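In what follows, a single structure is set out as structure tokens and then discussed.
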Amino acid sequence: MIFTSQSMQEILPILAEQVKQCNAGGYITFEVLDPELADAYTGKHIELDNVRYIYRGYKAWIDLAELLFCKMMTPEKSTYPLIKLRFKKLHTQHSFHLDTQSPKEEKYGLDSAFSQIHKMEEPAFLYYYTQALQNVKLKQRRTVLNLGINTGDEFEVIQNSVDIEVFQQMSLTGIDHSASAIAYAQDRFPQVNVSLYSHDINALETLGLGRFDLLISIGTLQSPSINFKPFFMSLVQNYLKKDAAIILGFPNSRWIDGEMICGAKAPNYAMNEMSLLLEDVMFCKKYLQQHKFRVTVTGKYYLFLTATKIGS
């Protein structure tokens, strides 16, 4: 199968049908113009040896693979000026999102499918998280609360982002429902300035935590067991100092068969539907603005809401 001057509107349904007919773990193969033969925007018409091609960079083909729930494999050279692309169909059932066997406290524990995920090695996650830490002026924060800390990845990035003297002056508190994840995090952070609790955050008040300079929560507050809006308002009212800052991460992705796929599947929809995600983001944004916070929203696979007090 060779694509030369066919439009993406023609190509997409052809490859979608090929993927549909393919077993999970199987491949579809096709040939296209070698992206290295030009520096151009996707869609540019190029003529080589009296044949007309539509140019597309690797980014376009990687995006297409993701949309078809495939992984793009290493391209191979073909007859000039073509290159051979292979898409490997993902096992869509290989996802921690579908785990209904583990106890709810350990769905994100060390023995779970979730434990295979390392968000901080995903550039599109790490970049926006570190950007959020910069926006809240991390070096000025002394007390940090992380809800849904799991094994402590967010704290490790904080530790690596500041001088050791600054980190030692900080007091970091992390809470997660998974006892196994917290035990692992405690081994990673034996320092006296790091406190970690295996605890249901719905009963946060029983810990007597006090107030914090910075609140972080990545993909936790949207859990089905949490009544999101009243819980979030309670956090702002009862756990933040006067000039505190907030970093919230809202998942706009799914983890499937080793890949982070853009778009979170909403209940009762077969496709990515963002209404609930955007509703939660906008609720937080408006509520925080009413309480004199400056709010920004950035990100891609996760939307990061960052809030700092105006005038602080």
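The values are calculated or read from the model by the stated rules, or taken from the named source; none is laboratory data. Note that the structure is a prediction, hence the values are computed from the model and not measured. Please note: Cβ atoms are built from the backbone with ideal geometry, for glycine as well, and neighbour counts cover all protein chains shown.
If you go through segment 136-158 and keep only what is in a helix (DSSP H, G or I) and crowded, with 19+ Cβ neighbours inside 10 Å, you end up with Leu138, Asp153, Glu154, Phe155, Ile158.
Candidates are the residues of segment 224-250 that are hydroxyl-bearing (Ser, Thr, Tyr) and touching a residue at least 60 places away in the same chain (Cβ under 8 Å); the one that is surrounded by the fewest Cβ atoms within 10 Å (Cβ to Cβ) is Ser225.
Every residue, every condition in (1) in contact with a Ser or Thr (Cβ under 7 Å, 6 or more places away or on another chain); (2) in contact (Cβ under 8 Å) with a residue 40 or more places away in the chain; (3) at negative phi, yes or no:
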position	(1), (2), (3)
Gln134	no, no, yes
Val162	no, no, yes
Met170	no, no, yes
Asn193	yes, no, yes
Ala203	no, no, yes
Arg211	no, yes, yes
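Look at (1) part of a strand (DSSP E or B); (2) out of contact with any helix residue (DSSP H, G or I) (no Cβ under 9 Å at 6 or more places or on another chain); (3) closer than 24 Å to Ile261 by Cβ and you find that Glu47 fails only one, number (3). Contact annotation: residue pairs with Cβ atoms under 6 Å, 6 or more positions apart or on different chains, pairing a residue in segment 136-157 that is in the same structural domain as Val194 (by TED's automatic domain parsing) with a partner that is in a loop (DSSP other than H, G, I, E, B) and buried (at least 22 other Cβ atoms within 10 Å of the Cβ), are Asn150/Tyr108. Annotation for segment 188-204: no member residue is part of a helix (DSSP H, G or I), assigned by TED's automatic domain parsing to the domain that holds Gln140, acidic (Asp, Glu) and farther than 22 Å from Ala132 by Cα. Scanning segment 231-240 turns up no residue that is out of contact with any His (no Cβ under 6 Å at 6 or more places or on another chain), closer than 30 Å to Ala24 by Cα and assigned by TED's automatic domain parsing to the domain that holds Gln169.
Test Lys59 against the stated conditions and say whether it is without any contact (Cβ under 8 Å) to a residue 40 or more places away in the chain and not assigned by TED's automatic domain parsing to the domain that holds Ser223. Yes.
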